[in-house]
């Protein structure tokens, strides 16, 4: 064994490679061949760029690596996490495709902050779209390295070699071969992927684009899958944290005497943190309930009824996100002008697993298990709380029981860390359902104002669009409109906070496809209103106003599957359509609904979703995501809305906050179209964004009632029916 | 208050010294280490904590442990027999009737209990039978398909 140094090349312009000695290197990665690579999504969007350090001072210019071990098994180390979206299944497929191995020989380590390099988090349908290409490039690079080694070993020139099924073959003499395991044997090679090797074309795919079974199915069907709340450690205490009645409430009096009398219970008061710990979570919760406490409440002038007036008044000046032509010129061409205001409510993430974390402290080190979409953010928060270096905190990712954008921060891990430090024992904090509603960072309530006009030929001639508080994503329209302007006002940080100027009464955050649900609802309803006023079938109207052939193709594909026949709305058939472009994924959703005129209840009977995401890497997974988006989307369209008075969240459980149920299940049909010429796009979010508009449009077609506000609760539907008749 | 409670849990007899007023969910998850049964809402609205008590699907979050005395409790961990999965588990895997998986244990246990009572359910029966189970990922379509397949595969035969 020599004392040679191993280079980890840098891509930040510094020519000095960072060096690790052999012992450090082997400790980190074991032997074999390691390829580092980076993806463009290393930082939270809208957060300032800052250099992040991986473990032990490793450079921050890569955010994943793959290793071909001496046993021939391939391991992918990535800071992404599995929250049900199928990352642990789809990423190995992409790797296996380019490396020329069978997917079952690929292992994946997700989100472990000691083993995996820094990653900004798992959100935004980025896993496949943004992380996929560099992953594939790294796998292709690894294949090139292996072929070079094979060329040397077999003494065969590179151009006569071919890699397949975990081995390199002489094309002319297939019996001359060497396996990847043999090539990796005794090696310790580290390379930075240069992204030079050509990626396979979709026509060459052997693994990608074919159905693949979920890797987590067996564990999840047998109860073996471990979530943060399932971690059991010797001496573990369960902490329950006192929740104030409202955000901004100030503690007035506190009497913990009854709680302290509960055998085994310990009341902790540390600044703003008041909690009970106990060896049984339910006993801790019962003891917490015995704490007598009074608060001064902040003024309760805002509520879920007057919130829109407030938000309209409080909205700051905007900026143009897109514009073209001249609105005033366009207005002169209009034979018909339509002006409407659309409202969308605060909604909760309501993942079935509440925020949970376990923290164990050993001296100046800590181990964290957290239900989070951002393990590195959890690491940093815990390190800051405990005042220890970040590399002393090891976050291990269990399965996450749903995130949807609500688990980007880990406040529960901070609570657990504080309690673990105070008690000297490992502590689990699992929020109650009421905690979960209270501390949630809701999708922001929002307002969209649209004024538009169409010519006597049925062409949209101008489009003046303004979105307040939702954010920019999906606000840019894709119709062929000569004079248009899109203004975004009252943006929010994307990482919590109450929005620009603190306009919201509580923190808001990303919710599956942030901003896009609101913007798509408004745009696609408005398109339908124009079509109806012009007396044109809504599909024909869209086709006549689109020049993007890819969008037209997906609209026609949906219409074919649905069996759409042209008619002027309201046709009383209860059918609706909505289109969207979500970060490169094109889709059209069509729905058929029935409206009960006596109760105002809307039953969605059938949904067809046609989606073009470039190439669906795992079509099974993509269809499951579409079905999931459709079901979840029914909620914000029909019932989901956070009820609040002042800064008090009135929803405490699923009795008042209604999620979609089995009886709502429509007949769901999906169409996947490939566009091999465009980059592969994500599929975890797109089909949810059309659900508000497609149902609103179908409700109008069924009943003549036009709802401009989500959710379309029975009361609102009845009110709209009353005013339309 | 400590009570002595004896019952059958996943075909084994169990004797517990425990406060009988505590809810079965927490005794299962903490005292007995069976973490497959999940807490979702604590008030019986979501179904994540469903177990079988004498064959009857029961939300364990609101079920005092004293009430299981002398009864048989089956959790998700107890469905496989002799290393073979229950047909409902097989069907959930085959149809990928899960995403985040947090509601899955409760769904599978409910479906097992439901098929014991109604081995040849219609689609409407299944929707009705599963109505009290929430799934935030929206996997409902696959769950229905899985239960349909499990029912037809079992051909009305109810595995013990």
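Derivation of every value follows stated rules applied to the coordinates shown; laboratory data play no part. All values reported here derive from a predicted model rather than from experimental measurement. All Cβ positions, even for glycine, are placed from backbone atoms using ideal geometry, and neighbour counts span all protein chains on display.
Summary of computed values
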{"quantity": "Per principal axis, descending, Cα span of the range A:534-674 in whole Å", "calculated": "48, 40, 30"}
{"quantity": "Convex hull volume per residue in cubic angstrom - Cα atoms of the range B:87-154", "calculated": "69 Å³"}
{"quantity": "Distant alpha-carbon pairs in the range B:3-78 (separation over 13 angstrom), percent", "calculated": "60 percent"}
{"quantity": "Between the range A:197-221 and the range A:251-311, the Cα center-to-center distance that results, in Å", "calculated": "48 Å"}
{"quantity": "Principal axis dimensions, the range A:63-194 - Cα atoms, whole angstrom, descending", "calculated": "47, 25, 24"}
{"quantity": "Chain A: calculated mean residue ellipticity at 222 nm from DSSP helix runs of at least 4, using -39500 (n - 2.57)", "calculated": "-8500 deg cm²/dmol"}
{"quantity": "Gyration tensor verdict on the range A:150-296 (Cα atoms; rounded if a/c is under 1.5, prolate if a/b is larger than b/c, oblate otherwise)", "calculated": "prolate"}
{"quantity": "For chain A, convex hull volume per residue from C-alpha positions, Å³", "calculated": "178 Å³"}
{"quantity": "Cα centroid of the range B:53-83 to Cα centroid of the range A:130-196, whole Å", "calculated": "53 Å"}
{"quantity": "Value of relative contact order over the range B:87-154, rounded to a whole percent, pairs C-alpha under 8 Å and six or more apart", "calculated": "55 percent"}
{"quantity": "Compactness index (Cα Rg / 2.2 N^0.38 Å), the range A:496-600", "calculated": "1.30"}
{"quantity": "Inter-chain Cβ neighbour average for residues B:114-120, partner chain, 10 Å", "calculated": "0"}
{"quantity": "Likely footprinting exposure, A:80, A:252, fewest C-beta neighbours within 10 Å first", "calculated": "A:252, A:80"}
{"quantity": "Value at 222 nm in deg cm²/dmol, rounded to 500, when DSSP H runs of n ≥ 4 in chain B each add -39,500 (n - 2.57)", "calculated": "-8500 deg cm²/dmol"}
{"quantity": "Value of D in µm² per second that Stokes-Einstein yields for chain B, Kirkwood Rh from Cα pairs, at 37 °C (0.692 mPa s)", "calculated": "208 µm²/s"}
{"quantity": "Cβ-Cβ FRET estimate between residue A:678 and residue A:272, R0 fixed at 45 Å, reported to 0.05", "calculated": "0.35"}
{"quantity": "Residue A:476/residue A:158 FRET efficiency (R0 35 Å; Cβ-Cβ; nearest 0.05)", "calculated": "0.15"}
{"quantity": "Mean separation of Cα contacts under 8 Å (6+ apart) over length of the range B:3-78, as relative contact order %", "calculated": "40 percent"}
